[in-house]
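The values are calculated or read from the model by the stated rules, or taken from the named source; none is laboratory data. Note that the coordinates shown come from a computational prediction; the quantities given were computed from them, not determined experimentally. With ideal geometry, Cβ positions are generated from the backbone for all residues, glycine too; neighbour counts draw on all protein chains shown. Please note that ligands, DNA and RNA were not included when accessible areas were found on the heavy atoms of the full protein model with its side chains. Shrake-Rupley method; radii C 1.70, N 1.55, O 1.52, S 1.80 Å.
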Amino acid sequence: MDQDASSSGGWRFAQCFGDKGEVEDITEADIISTVEFDSTGNYLATGDKGGRVVLFERNEMKKTCEYKFYTEFQSHEPEFDYLKSLEIEEKINKIKWCKRQNAAHFLLSTNDKTIKLWKVFEKQLRVVSESNLIDGQRSLPPSLSTQHLRLPRMTQQDNIIAAVPRKVYSNAHAYHIHSISVNSDQETYISADDLRINLWNLDISDRSFNIVDIKPANMEELTEVITAAEFHPLHCNLFMYSSSKSNIKLADMRDSALCDKHAKMFEEEEDPTNRSFFSEIISSISDVKFSHDGRYILSRDYLNLKIWDVNMENRPLKTIPIHDHLRGKLCDLYENDCIFDKFECIWSGDDKNVLTGSYHNYFRIFDVETLNDVVLQADKSAFKAKKIGGPLPGNKAGMKNGLRSGGLRENMALETLDFNKKILHASWHPRESTIAIAATNNLFLYSAA
């Protein structure tokens, strides 16, 4: 795995959306906070810290997998909780698409407190093209003949993309919502905050059922929080949630209405010799994802990716170090709060690869079987290549497919990492080798042959 690969594994830079200026000039509101392909891969959504949702659609005019702007709308506005004297940010924490049932798209978006179901659809603008008014204002002189009487006619003027909130699911979470997941039955979804998970019906916005509650009677006894939650992709009664205590619990809603007693718990015994002041922080799981067949679980903590078999609880099948070179810098990372960064992890559409991010805009793609990896960098210099699909930055002349990923792997371990540049959010096309990477205020798209 650590041997230099001779190329970037066939991955090539395809597109970049967003302001291409310098990092110092970035407006906070423009920073992308979530990215998500729909189930077909023909549409892609991003949410940002300014509460906006931007949708892209597949550009059918191009042979390669390329996207074009579709629409943008303001999903959430900043609010103030007067009872708790708290500002509620407009930042979009998660977006999840519902499977398409008709010509319209439906998607869920959430900030810290409120989830909204958006309907996005094409709408015809019609105008009155003929009437008994001059310039649409003054009346014509009364006509003696009915032949001169003009009946108003409506004609189509334009097509616009409209976005309307169909449902608003509010006042159900006392703490910040970090996860939403739509069930395979397409009728229900779960939302999770630090201490509770709620089950909603998509059609009912004023009532939810609390299915997990880990809040202790005395908050001083609080030892762990929920960090992520997701429904099983095939079985509508199963869901999992991860914890800051480095475990993943699988729960079955058929067992009881309140799923505090888990069906399975995936946890690895910690080696006592490796214990340190930072052990608990770096072992906290930041993201969990089921494979598309539901057989495996992918989890991400601060330093590692782990692949678990649903049928084996005591240890992961594979542990993949992401940036082990940071072990010696944990003190600095604690000082600058980067040790609390929450990196996401994703499966490829065929479950043969996994992807996660690192610092300095590096991200890594691993082959699940061989653990061979590709290191790529979502860097501004990528789109300066002369043509789409051209060599990636750092490429030596004549080298096939782009730069040596071994070279980037060595660069990852250098002292000069910029911890302000980090790849926290990404999404993988469900059917093709195309990935969307959120790098601060830019959306990068990469494709593999």
- Matching residues, region 14-71, being loosely packed, with under 13 Cβ neighbours inside 10 Å, in a helix (DSSP H, G or I) and either in contact with a Ser or Thr (Cβ under 6 Å, 6 or more places away or on another chain) or touching a residue at least 12 places away in the same chain (Cβ under 8 Å) (or both): E28
- Item | Matching residues, region 210-231, being assigned to a loop (DSSP other than H, G, I, E, B) and either within 19 Å of W308 (Cβ to Cβ) or open to solvent by 40 Å² or more (accessible area, probe 1.4 Å) (or both) | I214, K215, A217, N218, L222, T223, E224, V225
- Residue count, region 341-379, condition closer than 24 Å to D309 by Cβ, in a strand (DSSP E or B) and open to solvent by less than 20 Å² (accessible area, probe 1.4 Å), comes to 10
- Those residues that are free of Cβ contacts under 8 Å to residues at least 12 places away in the same chain and of a type outside the set (A, V, I, L, M), I need them from region 172-217; list them, please. D206, R207, P216
- Query: Of the residues A251, A257, which single one is closer than 25 Å to N201 by Cα, more than 25 Å from the chain's Cα centre (by Cα) and among the small types (G, A, S)?
  - Reply: A257
- Criterion (of a type in the set (A, V, I, L, M, F, W, C), in contact (Cβ under 8 Å) with a residue 60 or more places away in the chain, over 30 Å from L376 (Cα atoms) and open to solvent by 50 Å² or more (accessible area, probe 1.4 Å)) met by exactly one of L258, L234: L234
- Item | The one condition in (1) touching a residue at least 40 places away in the same chain (Cβ under 8 Å); (2) open to solvent by 60 Å² or more (accessible area, probe 1.4 Å); (3) under 30 Å from C338 (Cα atoms) that E280 fails to fulfil | (1)
- Note on the structure: Just one listed residue, out of S291, S299, S348, is touching a Lys or Arg at 6+ places or on another chain (Cβ under 8 Å) and either among the polar types (S, T, N, Q) or touching a residue at least 24 places away in the same chain (Cβ under 8 Å) (or both), and it is S299
- Query: Does region 293-302 include one or more residues that are over 26 Å from D367 (Cα atoms), in a loop (DSSP other than H, G, I, E, B) and open to solvent by less than 60 Å² (accessible area, probe 1.4 Å)?
  - Reply: no
- Can you confirm whether region 133-144 contains a residue that is within 30 Å of H425 (Cα to Cα), at pLDDT below 95 and of a type outside the set (F, W, Y)? no
- In region 261-276, how many residues are at pLDDT below 85 and either part of a helix (DSSP H, G or I) or open to solvent by 70 Å² or more (accessible area, probe 1.4 Å) (or both)? 9
- Task: Restricting attention to region 179-204, report how many residues are open to solvent by 40 Å² or more (accessible area, probe 1.4 Å) and part of a loop (DSSP other than H, G, I, E, B).
- Result: 7
- Query: What number of residues in region 259-282 are in contact with a Leu (Cβ under 9 Å, 6 or more places away or on another chain) and within 16 Å of E224 (Cα to Cα)?
  - Reply: 6
- Query: Applying the selection to region 80-102, what residues are among the acidic types (D, E) and not in a loop (DSSP other than H, G, I, E, B)?
  - Reply: D81, E87
- Item | So F106, is it under 30 Å from F366 (Cα atoms) and surrounded by 20 or more Cβ atoms within 10 Å (Cβ to Cβ) | no
